[in-house]
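One structure, pasted below without further comment.
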Amino acid sequence: MTVSETFHPSMDPHLPRAARVLGNVPLVETYHLLQLSLEDEAPHEWVMHRPGQFVMASAIGVGEAPFTIASSPTRSRPLELVVHAVGPVTQALCASKENTLVGLRGPFGNGYPVETLVGADLLVLTQNPGSSFARSLLWYALDRRQSFGTLSLIYETPDPSRVVLARDLSAWVVRRDLTTVVTTLGNSAPDWPYSRGAAADHLRKLDIVPKNTYVALCGTAAFYRENGHALVAMGFSRGRILIALARRMRCGTGVCGHCKVGSKNVCLDGPVFTYWDASNLPEVM
Amino acid sequence: MLVKRPPTDRPVFGQTTGGEHINPSLQPDRAVSRILRKKDMDAFLESVKAFGSLYGPRQVGPNQYQLMPVGDVAPVSAECRRTILPPKKFLIPARDDLCHFSADTGYRAAEVYTGERVILFGLHACDIHALVTLDLVFNGKYPDPRYLARRQALAVIGFSGTAPDGNCFCHAMGTSHADRGFDLFLTDIGDEYLVRIGSSLGDDMMRARVDLFGQVEREHIDAYKERSDRRQTQFDDTVVEDLPQILELEHDSPIWRELSERCFGCGACAAVCPTCYCYDVVDLVGTDGITGRRVRQWDCCLFQNFAEMSGGFNPRPNRTDRIKHRYYHKQVHFVERFGRPSCVGCGRCVEACPAEISLKDVIAAIRGRSG
Ligand SMILES: Cc1cc2nc3c(=O)[nH]c(=O)nc-3n(C[C@H](O)[C@H](O)[C@H](O)COP(=O)(O)OP(=O)(O)OC[C@H]3O[C@@H](n4cnc5c(N)ncnc54)[C@H](O)[C@@H]3O)c2cc1C
Ligand code: SF4
Ligand code: SF4
Ligand code: FES
């Protein structure tokens, strides 16, 4: 027996599977919604992931990068990513036409602890960066509405014309089983019908009971600091506040070392961490 | 799931490194020791070549050794303290293809190693511990097929017979002796080697020249113990007891900034370290513009852009942060994750550093009263 027979290439965690771009919808700025389907996709394959998990997506010949799965596992197809074109890989993905071949590996990471969240009230706070996490989790909770208590969302946008999840928001604001606050940091658009100010300014206006509620914070480190602070001041346990970390990633499988924070690998132990865990990791808060 | 479930019966490394996994209890005379006379060493190594390509430490310069093919003439230098590059070069090549790609057909896995068995002769206990440490990382949640193929093809003949030098601190790191991770382990006990057999492959190697091996007698046991006692006294007094806790306390020590002013960030320490495994991934496009290959190559957390993300955000923008990251990864975070440090005290980083930074001195300084 040669040693290589022990391994089948399909078990190779480094090998991207071929996927096609089914749709590429420009959102705002350089954000795009990519809809993808695996060439050899098993039926309902994407029911298997958890909200908050990520894939490693490759633009062939350019490179590979991590992306949160922006669709909910409650909707089996297509797999959706919200991609912000900021560099070579993301630009190539955002420029890809329908039917373009791309590579996908994953899903990787822990995702949200949905078993724990079931039965609790859920509050999601998001900015544009990080909105993929919010999108996946919120659709999951809405599609399993009876499994959750109250659902609330605060969406903070830099200005009214730059809401990445505008399409999803138009579906969310009309729902009676979800409290939605859309708030803008900017002063433009005097006819903006929604709220103004930072997400943290609206926390106390919500009818939430800290001990019954889990909060998912989706955004930048500054966003986590500001809102984490406000939530703890409101009586939230640090263990009930969930943040999602982004770090440079090369493997997604806990080996390459790029995503390490302290003793954790964001790709294995994260990207979702409690605020308590995150506060105790170096270089995070 | 995009990634198929890893096989549940994946190889577990330990006593057996040759690929032949035989339940020891089924073997009539299991793991035993034998005696090999020093003058028979060359004849024995010659016979070992029948089991694969044999590599051993060869002198390449004054006090410089490399693991190189054992040829017909030049003897292996058993007196070598440490090779410039550690055995990891046989498991994680400095550059390795992960897959091939084409814009038309997507990705195809690169071949895993299917070559001959590689037999490494002369590995010291610290390097054997380093291999077992790498296994923890590469045989984790997502077993790494490229690493494992090479690992399964690797056989290890350990060796202990060289007195430590001032850069060694394996004793402090608990890696000066190995009880697993080898096929054979030879200990110099005077005129003979005590040969410990660690796997059925090692047993096969011994049996191929069974005429060279004698039984262990009382005098050999006593000679081994005497040598063991003597060896305990050959190491200096580097202390790493509760080092993770002391490092936690000294997180803000000025030592880290002082180190950063001396370190060039050249990455030599990581390249020569037997347990440094971080890698980068790059796509190389061929001249046709549509096909190419994805390779992984050694990386180093001391490089400025190691953790940098788009928009320039860098969790460790200063060299002080990066130096701390490397030390804390090895001595604190790896312990938290795997129960042991990822430093085996081999002293290679001390020898390789152009800034003459010594990990031993850093440990001593951090344990000192003014931190
Ligand atoms: C868990 C996770 C989820 C993510 N989800 C999304 C998402 O849903 N949508 C989205 O648009 N982006 C997401 N990102 C960020 C995205 O991976 C980076 O924007 C992307 O790597 C940039 O690559 P580039 O080649 O286009 O840019 P470059 O500027 O060339 O990036 C430079 C290098 O840094 C790395 N890098 C840059 N930024 C990041 C970053 N923020 N995080 C990790 N590595 C980075 C890249 O791998 C690249 O090698 C996520 C990152 C992580 C870790
Ligand atoms: S850190 Fe230095 S002494 Fe420790 S294992 Fe690596 S090279 Fe050897
Ligand atoms: S070898 Fe020395 S100078 Fe180079 S990165 Fe390591 S510690 Fe710094
Ligand atoms: S991305 Fe490689 S270790 Fe996490």
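If you check B:Ile290 against the conditions, is it modelled with pLDDT under 95, away from ligand 4 (no atom under 16 Å from the Cβ) and crowded, with 21+ Cβ neighbours inside 10 Å?
No; evaluated as a whole, the condition is false for this residue.
Test of understanding: among B:Arg293, B:Arg340, which residue is touching a strand residue (DSSP E or B) at 6+ places or on another chain (Cβ under 7 Å) and either more than 9 Å from ligand 2 (Cβ to nearest atom) or in a loop (DSSP other than H, G, I, E, B) (or both)?
Numbers: B:Arg340 fails: touching a strand residue (DSSP E or B) at 6+ places or on another chain (Cβ under 7 Å).
Answer to the check: B:Arg293.
Return the residues of the stretch B:302-330 that are of a type outside the set (Ser, Thr, Tyr), outside any loop (DSSP other than H, G, I, E, B) and within 11 Å of another protein chain (Cβ to nearest Cβ); say none if nothing qualifies. Don't jump to the end; show me each part of the working.
Initially, the stretch B:302-330 is screened for residues of a type outside the set (Ser, Thr, Tyr), giving B:302-309, B:311-319, B:321-326, B:329-330.
This time we only want the ones that are outside any loop (DSSP other than H, G, I, E, B), so: B:311-312, B:319, B:321-326, B:329-330.
If the condition is that a residue be of a type outside the set (Ser, Thr, Tyr), outside any loop (DSSP other than H, G, I, E, B) and within 11 Å of another protein chain (Cβ to nearest Cβ), then B:Gly311, B:Gly312, B:Asp321, B:Arg322, B:Lys324, B:His325, B:Arg326, B:His329 are the ones that fit.
I would also like to ask the following. Among the residues of the stretch B:271-296, write down those that are facing chain A (nearest Cβ under 9 Å) and either closer than 21 Å to A:Val261 by Cα or of a type in the set (Lys, Arg) (or both).
Correct list: B:Cys276, B:Tyr277, B:Cys278, B:Tyr279, B:Asp280, B:Val281, B:Arg294, B:Arg296.
Residues of the stretch A:164-191 being touching a Ser or Thr at 6+ places or on another chain (Cβ under 6 Å) and part of a loop (DSSP other than H, G, I, E, B), which ones?
Taking the stretch A:164-191 as the starting set, the residues that turn out to be touching a Ser or Thr at 6+ places or on another chain (Cβ under 6 Å) are A:164-165, A:172-173, A:179, A:181, A:183-184.
Hits for the stretch A:164-191 are A:Val164, A:Leu165, A:Val173.
Is it true that A:Ser76 is more than 8 Å from every other protein chain (Cβ to nearest Cβ), at pLDDT below 95 and in a loop (DSSP other than H, G, I, E, B)? Write out each step before concluding.
On the way: more than 8 Å from every other protein chain (Cβ to nearest Cβ): yes; at pLDDT below 95: yes; in a loop (DSSP other than H, G, I, E, B): yes.
Yes: the conditions hold for A:Ser76.
Spot the failing condition for B:Cys263; the list is (1) free of Cβ contacts under 8 Å to residues at least 60 places away in the same chain; (2) over 22 Å from the mean Cα position of the chain (by Cα); (3) within 16 Å of ligand 2 (Cβ to nearest atom), and only one is missed.
Of the numbered conditions (1) free of Cβ contacts under 8 Å to residues at least 60 places away in the same chain; (2) over 22 Å from the mean Cα position of the chain (by Cα); (3) within 16 Å of ligand 2 (Cβ to nearest atom), the odd one out for B:Cys263 is (1).
Continuing with this model, one more query. Out of all the residues in the stretch B:268-287, which are surrounded by fewer than 18 Cβ atoms within 10 Å (Cβ to Cβ) and part of a loop (DSSP other than H, G, I, E, B)?
Scanning the stretch B:268-287 gives B:Gly286, B:Thr287.
Could you check the stretch B:47-105 for strands (runs of 3 or more DSSP E) lying wholly inside it with 3 or more residues that are outside the structural domain of B:Leu212 (by TED's automatic domain parsing)?
B:95-102
Is it true that B:Asp299 is within 16 Å of ligand 3 (Cβ to nearest atom), surrounded by fewer than 21 Cβ atoms within 10 Å (Cβ to Cβ) and within 8 Å of chain A (Cβ to nearest Cβ)?
Here the answer is no, as B:Asp299 does not meet what is asked.
Would you be able to say whether some residue in the stretch A:226-244 is away from chain B (no Cβ under 14 Å), in a loop (DSSP other than H, G, I, E, B), farther than 30 Å from B:Gln304 by Cα and of a type in the set (Val, Ile, Thr)?
no
The values are calculated or read from the model by the stated rules, or taken from the named source; none is laboratory data. Given the structure is predicted, the values throughout are model-derived calculations rather than measurements. Here the Cβ is made from the backbone with ideal geometry for all residues, glycine too, and neighbour counts use every protein chain on show.
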